[in-house]
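Reviewing the structure listed below.
The values are calculated or read from the model by the stated rules, or taken from the named source; none is laboratory data. Here the structure is a predicted model, which is why all the values come from computation and not from measurement. FYI the Cβ positions are ideal-geometry reconstructions off the backbone, even for glycines, and counts take in every protein chain you see. SASA here: full protein model, heavy atoms, side chains in, ligands and nucleic acids out. Shrake-Rupley method; radii C 1.70, N 1.55, O 1.52, S 1.80 Å.
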Amino acid sequence: MKKLITILVALLITASTFAQAPDKMSYQAVVRDSDDNLVTNQPVGIKISILQYAVGGSAVYEETQTPTTNANGLVSLEIGTDVTGNFSTIDWSAGPYFIKTETDPAGETNYTITGTSQLMSVPFALYAKTSGSSTPGPQGPAGDTGAAGNTGATGPAGTYTAGSGIDITGSVITATPVTKEFAYITIANTQSSGGVQDFYSTSSDRLNGITITGDSIIHLKANKSYEISANMSIYNSAAENYVYFFKNITQNQTWGGNVMNFGYSGNDRTNTTETIRLFYKPAIDIEIVFLRFSTNTVEPNISGGTITVREM
């Protein structure tokens, strides 16, 4: 009686033009006679079956071949060549699978040697060819932190532009004091046309950044916030009501809620004092004046007064 020693190599041929798994797997067997001598250099008949689920399970694939042993009694073949069934459609995920070999040492189909063994490892390349979905699996744990890289080259030196209140000398940046705009203006006892109040000449040390033209017009700059106030005293024996207010003559705007109202009580008044104050941030450069609502028949006598404009 001859013996058949089989070696199943569950390794697939990976050489492929497009790196795809071929529908074959390698199989080797060593054939010995009853005296344990190798059966060499002669053809042997072999039938191979792939069984599903159990040793006696249904065959999902069968093939027969007649390979020739070599000088060492080794026979080599590729399962998937002579087909009875469709090797490429085997669902390798639906195992377990078993391989059954039947051998005729005389090279015919009178198979006298039979063996069955479980495929302990799925032919992975064949399974991967048709396996599952392409949905990625869960993210794996984060790996260890890699080594620190080399220090990069030093970048070009930055450039700086000094803004308001900042001085840059070389690489040294320092803050410089910023003087806010202001004006301290003395009110005169005279009015121009339309009741616009005149100012006395104002010395330069009482102005900073604010200009006055025509002894009555104050210039304010766009997008700066100002506090504008007036304090004034009048003396008049006339029984009249005097109303003073600021007006934006550039945009013909008055601040109706901020007026200086000198009322009367039927008696002479001595140095009656009133004060108004408002806050304003013009969107454009403007000109403002301080004026009296000119409906009076008797001109008032101004005994003293000042206007203060301060940038906030």
inquiry  = So, in segment 206-251, how many residues would count as being over 21 Å from M312 (Cβ atoms), open to solvent by 50 Å² or more (accessible area, probe 1.4 Å) and modelled with pLDDT under 85?
reply    = 7
note = Listed by range, strands (runs of 3 or more DSSP E) wholly within segment 54-104 having at least 2 residues that are in contact with a Gly (Cβ under 9 Å, 6 or more places away or on another chain) and within 21 Å of V39 (Cβ to Cβ) are 59-65, 97-104
request  = Look through V298, V289, V309 and report the one residue that is open to solvent by 40 Å² or more (accessible area, probe 1.4 Å) and at negative phi.
outcome  = V298
ask   = Which of (1) over 15 Å from L51 (Cα atoms); (2) at pLDDT below 85; (3) not in a helix (DSSP H, G or I) does S121 not meet, given it meets every other one?
value = (1)
